[in-house]
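K.L.:
Sharing a structure, written as structure tokens. Questions coming.
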Amino acid sequence: MPKGRTPEEQSADPAAQEMLIRAEMLGIDTAFSRADANPPCNIGAAGMCCKLCGMGPCRLTKDGQRGVCGATIDTIQARNLIRAIAAGSAAHSDHGRDMAFTLKAVANHEAEGFVIRDVAKLRRVAAFYEIPIEGRSPDEIANQLADLFISQFGQQRGEVVTLIRATERRRALWREQGVMPRGIDREVVEALHRTHIGDDQEPEHILHHAVRTSLADGWGGSLIATDISDILFGTPAPLVGQANLGVLKEDMVNVVVHGHEPTLSEMMVAASQTREVTEYAEAAGAGGVNLSGICCTANEILMRQGIPAAGNFLQQELAILTGAVDAMVVDVQCIMQALVSLAERFHTKIITTSSKVRITGAMHVQFEEHRALTIAKDILKLAIDNYKNRGETQIPDVREDLIPGFSHEYVNYMLGGSYRASFRPLNDAIMAGRIRGVAGIVGCNNPRSRHDFMHTYVTEALLKQDVLVAETGCGAIASAKRGFLLGEAGLDQVGPGLREVCETIGIPPVLHMGSCVDNSRILTVLTQMAQEGGLGDDIDQIPAVGLAPEWMSEKALSIATYFVASGAYVIFAGANPVSGMPGRVPESTRVEKYLSSGWEERWGGKLEFVDDPDEMIRRALEHIDKKRAALGLPEYDPNRFGASGDGRTRELEALPMLERRAAIYGRSGG
Ligand code: BF8
């Protein structure tokens, strides 16, 4: 077995390091050690392998080599990429579809325990699509809205209706370029059809459809998922939460919910607070039930209910390694198969709940909306019954406070209050140069890079450069653990202009905007910034970038593509699935060039794969400055701001009274 990395090299998170040491001592493998033991196939990783038919797989490793059918390396890379994008779009959008069915069930009182929590958002969303709202009950509106959303998945012709949320200019471009998605399912099916043996073979043409497919995700399925989650469970607003493995509790029944859809996890929150469940836990000798989350489910219940996040993607196994998790309840996406064999070493029950996901060896309890609360209680009781089986535990004493919950509605409100809600102050701060630009830092962990390191390194560097950061997914949890999501406490680490803005408005410098489907919130924020005026009239003109420093999932590739098609510059670090070239010369492949300059010409946005975090930061800042210059905004000057504001107040408040007076009034007397 090749020599692996040390825990410090595997993760930047001290809680993760502690669990990796424990894993080593117990002789248990994890994604980290498996990554060390299984180097990636360098042919597949670079997109040089085609296994789309039974004549192959064909590995194109020699200069000028073609597959059995004659396929070139460019065609193979484009095909592999669009297939990944289609799978990512399918995952997000199927989540959106399930949410739409839940909305329908709730409107018809067929979903036990669910209610429409945010009627104002329901009315606002319905109004976008000209659904009558006046004089109608929430159930009537929700019923019609659910039908409209459900119809978007199987629609055969026309345009997915939710794309009206993009700017007019962008929609005109998409129409002109023929990429307005017709129906969400149709675009995914067509992506698969085009890549069957003997179909679409021109790389650029294949990737043009990748754009259409991804738009059906970002502006379609994902946006639908976000809107319905807000309608059903409440639009997030800031609250206090905690993150990292230290949120697990020694004296309570620890139930970790892991996956993506908020339907079951929200019901678990409700069930855990019922007297029936708390009494059941007490009878088992526990202090109660302690719920926490992993991955995007964590983000969903963290930003709405303040339920703590036990960690991000690479911490799912580490949570079980504490020995303190009585049940891990999973639904869909990003769930490692390794959980079951790992759980067998401890007492943890792995419980699958979705009709789409079974794992050999796991217990299955089928989630059904019409019995949602009952099922949630049953699952909690299973966990409580398992509490007595706990063996020796080791919970890292590491956790960090954070303030999540920055929905685009709240960002709008916080900038102007109830009566003047608007993006004007944010645009003004960017125009003046107090804020240099905006970065969306999103996506996964990948055990092939040091866990959380790239996320936090890039975030920290951009904050120092006065770049306001919005985060989702596992990236947001990485920042939370590092303390970047704290109100003013995190402000010592940011540039002077950005600090002034954060102090004035009372926000952290990194805004937690939710789960991965909630990247649609970032699209909405960017669109509203464009519509507010002063920063151009579309996303491609805003000084903004998107970064995924530790990406690994196909969903991330879909996200990248719809951001590019919306006008954003997106930089990925780590794996580059289109980098391979037989007899490689030190230049980009045809597909790499097309994703960069080709897409930039068409969409004003581009996708690049960059390994070095400093180069990633350099390119991000260069792009932001280029966009500032194109808008005629003043050149960014780090010394221009920061002399005023609450930062000075805090400095003064820290002084002894006499010195403070001297500093303020120029004398020490009263
Ligand atoms: O959807 S960021 S590892 S958890 S794929 Fe998965 Fe990646 Fe985490 Fe959420 Ni998104």
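The values are calculated or read from the model by the stated rules, or taken from the named source; none is laboratory data. Just so it is clear, the structure is predicted and the values come from calculations on it, not from any experiment. Note that we place each Cβ from the backbone using ideal geometry, even for glycine, and neighbour counts take in every protein chain shown.
K.L.:
Within segment 597-609, identify whether any single residue is over 30 Å from Arg59 (Cα atoms), at pLDDT 95 or above and of a type in the set (A, V, I, L, M), and answer yes or no.
P.N.:
No, every residue in segment 597-609 fails to be over 30 Å from Arg59 (Cα atoms), at pLDDT 95 or above and of a type in the set (A, V, I, L, M).
K.L.:
Looking at Gln541, Gln531, which one is surrounded by fewer than 24 Cβ atoms within 10 Å (Cβ to Cβ) and within 18 Å of Ser520 (Cβ to Cβ)? Working first, answer last.
P.N.:
Numbers: Gln541 fails: within 18 Å of Ser520 (Cβ to Cβ).
Result: Gln531 is the single residue among Gln541, Gln531 that is surrounded by fewer than 24 Cβ atoms within 10 Å (Cβ to Cβ) and within 18 Å of Ser520 (Cβ to Cβ).
K.L.:
Scan the helices (runs of 4 or more DSSP H) fully inside segment 42-145 and keep the ones with 3 or more residues being within 28 Å of Val211 (Cα to Cα) and modelled with pLDDT under 95.
P.N.:
So the answer is 42-45.
K.L.:
Given the structure, is Leu215 closer than 26 Å to Ile131 by Cβ, hydrophobic (A, V, I, L, M, F, W, C), assigned to a helix (DSSP H, G or I) and in contact with a Lys or Arg (Cβ under 8 Å, 6 or more places away or on another chain)? Break it down into steps so the answer makes sense when it comes.
P.N.:
Working: closer than 26 Å to Ile131 by Cβ: yes; hydrophobic (A, V, I, L, M, F, W, C): yes; assigned to a helix (DSSP H, G or I): yes; in contact with a Lys or Arg (Cβ under 8 Å, 6 or more places away or on another chain): no.
Against the criterion (closer than 26 Å to Ile131 by Cβ, hydrophobic (A, V, I, L, M, F, W, C), assigned to a helix (DSSP H, G or I) and in contact with a Lys or Arg (Cβ under 8 Å, 6 or more places away or on another chain)), Leu215 does not qualify.
K.L.:
Across segment 149-197, what is the number of residues that are not in a loop (DSSP other than H, G, I, E, B) and not aliphatic (A, V, I, L, M)?
P.N.:
First pass over segment 149-197, keeping only residues not in a loop (DSSP other than H, G, I, E, B): 149-154, 161-165, 168-176, 184-194.
Narrowing further to those that are not aliphatic (A, V, I, L, M): 149, 151-154, 162, 165, 168-171, 174-176, 185-187, 190, 193-194.
So the count comes out to 20.
K.L.:
Shifting gears a bit: With touching a strand residue (DSSP E or B) at 6+ places or on another chain (Cβ under 6 Å), at pLDDT 95 or above and closer than 30 Å to Val277 by Cα as the only criterion, which of Ala376, Ala383 stands out?
P.N.:
From the options Ala376, Ala383, the qualifying one is Ala383.
K.L.:
When you look at Ile441, is it farther than 26 Å from Cys516 by Cβ and touching a helix residue (DSSP H, G or I) at 6+ places or on another chain (Cβ under 8 Å), yes or no? Explain how you work it out, then say what you get.
P.N.:
Values: farther than 26 Å from Cys516 by Cβ: no; touching a helix residue (DSSP H, G or I) at 6+ places or on another chain (Cβ under 8 Å): yes.
It is false that Ile441 is farther than 26 Å from Cys516 by Cβ and touching a helix residue (DSSP H, G or I) at 6+ places or on another chain (Cβ under 8 Å).
K.L.:
May I pose another question? Which of the residues that make up segment 284-303 are touching a Phe, Trp or Tyr at 6+ places or on another chain (Cβ under 8 Å) and either free of Cβ contacts under 8 Å to residues at least 24 places away in the same chain or more than 16 Å from the ligand (Cβ to nearest atom) (or both)?
P.N.:
The answer is Ala284, Gly285, Ala286.
K.L.:
Any idea which residue in segment 504-558 is farthest from Arg79 (Cα to Cα), counting only those that are within 16 Å of the ligand (Cβ to nearest atom) and touching a Cys at 6+ places or on another chain (Cβ under 7 Å)?
P.N.:
Here is the first cut: in segment 504-558, the ones within 16 Å of the ligand (Cβ to nearest atom) are 510, 512-523, 546-558.
Narrowing further to those that are touching a Cys at 6+ places or on another chain (Cβ under 7 Å): 515-516, 550-553, 555-556.
On the way: Ser515: 28, Cys516: 24, Glu550: 23, Trp551: 20, Met552: 18, Ser553: 17, Lys555: 16, Ala556: 17 Å.
Among those residues, the one meeting the criterion is Ser515.
K.L.:
Follow-up. Could you check how many residues of segment 169-196 are of a type in the set (Asp, Glu) and either in contact (Cβ under 8 Å) with a residue 24 or more places away in the chain or under 20 Å from Leu103 (Cα atoms) (or both)? Write out each step before concluding.
P.N.:
Let us first name the residues in segment 169-196 that are of a type in the set (Asp, Glu), namely 176, 185, 187, 190.
Right, trim to either in contact (Cβ under 8 Å) with a residue 24 or more places away in the chain or under 20 Å from Leu103 (Cα atoms) (or both) and you get 185, 187.
So the answer is 2.
K.L.:
Here's another thing I want to ask about it. Counting only residues that are within 11 Å of the ligand (Cβ to nearest atom) and assigned to a helix (DSSP H, G or I), which one in segment 304-341 is farthest from Pro447 (Cα to Cα)?
P.N.:
Among residues in segment 304-341 that are within 11 Å of the ligand (Cβ to nearest atom) and assigned to a helix (DSSP H, G or I), the one farthest from Pro447 (Cα to Cα) is Gln316.
K.L.:
Hey, could you check segment 254-287 for residues that are surrounded by 24 or more Cβ atoms within 10 Å (Cβ to Cβ) and assigned to a loop (DSSP other than H, G, I, E, B) and say which is nearest to the chain's Cα centre (by Cα)?
P.N.:
So the residue we want is His260.
K.L.:
Now, a different point. For Asp227, are the conditions met, namely being more than 24 Å from the chain's Cα centre (by Cα) and modelled with pLDDT of 95 or more? It would help to see each step written out before you state the result.
P.N.:
Details: more than 24 Å from the chain's Cα centre (by Cα): no; modelled with pLDDT of 95 or more: yes.
The answer is no for Asp227.
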